[in-house]
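Inspection log for the structure reproduced underneath, given as C-alpha cells.
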C-alpha cells in the first residue's frame with residue numbers, strides 16, 4: 001500500500017480533517033449543520049474514506065448536512081454513487097442535504113447523468 005491510501009484523521013477544535021494523499025476531507029460542525037468539505041479527485045480510490053465521513057456526518061445530531069464539492073477536481077461514477085446513497089439516507093429521515101456545487105468540470109458530470117435537477121444543489125447567488 002502506498003502512503004496515499006492511508007487516512008490520518010486529525011481532530012482540531014470541533015472538526016475532523018483527514019489527510020488522504022492528494023485528497024482532503026474536512027467535517028465542520030456549525031450550529032444545526034455539519035459541512036463536509038472535499039478537495040481533490042473524488043474517485044474509487046477515495047470512495048471508502050468519503051463514504052465513512054458522510055456516514056459519520058449523517059449520524060451527527062444536526063438538522064442539515066452540507067456537502068461542499070467546490071474543491072473537487074474530478075468525480076467518477078463511484079463518487080456519484082456515494083452522493084446518491086447519501087441523498088437517499090437523508091431523504092428517508094436523515095438530515096436535510098444540500099450540495100455546494102463543484103467547478104464546471106465536476107458539474108458537467110451531474111449534467112450529463114441528468115442529476116443536476118434531481119439532487120439538492122445549492123443555488124448560486
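The values are calculated or read from the model by the stated rules, or taken from the named source; none is laboratory data. Being a predicted model, the structure only gives us computed values, none of them experimental. Cβ sites come from the backbone with ideal geometry, for glycine too, and all protein chains shown count toward neighbours.
Odds and ends about this structure:
- The condition (being modelled with pLDDT of 95 or more, touching a helix residue (DSSP H, G or I) at 6+ places or on another chain (Cβ under 9 Å), under 21 Å from residue 22 (Cβ atoms) and assigned to a loop (DSSP other than H, G, I, E, B)) is satisfied by just one residue among 102, 79: 102.
- Residues of the range 89-99 that are closer than 16 Å to residue 53 by Cα and in a helix (DSSP H, G or I): 89, 90.
- Scanning the range 57-76 for residues that are in contact with a helix residue (DSSP H, G or I) (Cβ under 8 Å, 6 or more places away or on another chain) and closer than 19 Å to residue 44 by Cβ gives 67, 69, 72, 73, 74, 75, 76.
- Residues in the range 105-125 that are within 22 Å of residue 45 (Cβ to Cβ) and in a loop (DSSP other than H, G, I, E, B): 113, 115.
- Top-ranked residue of the range 12-37 - restricted to ones that are outside any strand (DSSP E or B) and surrounded by 14 or more Cβ atoms within 10 Å (Cβ to Cβ), ranked as modelled with the highest pLDDT: 21
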